[in-house]
Each structure stands twice: as C-alpha cells, then as structure tokens.
C-alpha cells in the first residue's frame, strides 16, 4: 500500500495555519497549566484535519476541495481531535477547560 496525497503547498499552508490559530485560541479559553498547551493542541488539530482530509478517502467527496485539501472533513476532524486533545491536556497539566471565578463569602 502506498501513501499518496494530492495536497498542494497552499493546502498545507492552510492546514498548518488553521491548526496554529486553533492552538492559540484554545490557549486563551479556560485556565492553562503551562504556557505550551497551544502547541500540543495545534498538533492535535493538525493531525485530525490531515487524517480526515487525506486518509479517509470516502470523506473527500463530501464538501469542497481546495488545493487538494477537503475543507469540510479537515475542519471537522481538526476541531474534534483538537478539542479532545485540549481537554485531555488541561486535565493532565492541572488546568481546566473552563474559567473558574473565585467566589466571595
């Protein structure tokens, strides 16, 4: 079995850029345990989007394809895997996906 991808340079750039944007936004939501959670979240979103767009062949016919990147599957895969990785990372590092406000007596 041979791994072949039709993803062109602009598609790769959109995939990497979208993953980084997801990671940065996820860093500012809730409480983080470290300053590097955005990078782990971005990698998770990148892997999810790449797998959904390129490796699941049946999903490539669903939605528009731009420069070899199936946009709808990549968006859904990136968000699902990115959110799962974000929640897992928050609990492992002692952060929280939700903002906690101190309660007054």
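The values are calculated or read from the model by the stated rules, or taken from the named source; none is laboratory data. In this text, all values refer to a predicted model and were calculated from it rather than measured experimentally. In this analysis, Cβ positions are derived from the backbone assuming ideal geometry, glycine residues included, and neighbour counts consider all displayed protein chains.
Just one of (1) within 27 Å of residue 94 (Cα to Cα); (2) in contact (Cβ under 8 Å) with a residue 60 or more places away in the chain fails for residue 49. It is (2). Looking for whichever is modelled with pLDDT of 90 or more and surrounded by fewer than 14 Cβ atoms within 10 Å (Cβ to Cβ) here; the options are 21, 56, 80. Which one fits? From the options 21, 56, 80, the qualifying one is 21.
Among the residues making up region 60-82, those that are free of Cβ contacts under 8 Å to residues at least 24 places away in the same chain and part of a strand (DSSP E or B) are 65, 70. Close contacts from region 83-95, counting a first residue that is part of a loop (DSSP other than H, G, I, E, B) and a second that is at pLDDT below 85 and surrounded by fewer than 16 Cβ atoms within 10 Å (Cβ to Cβ), with Cβ to Cβ under 8 Å and a gap of 6+ residues or different chains, come to 94/33; 95/31; 95/33; 95/34.
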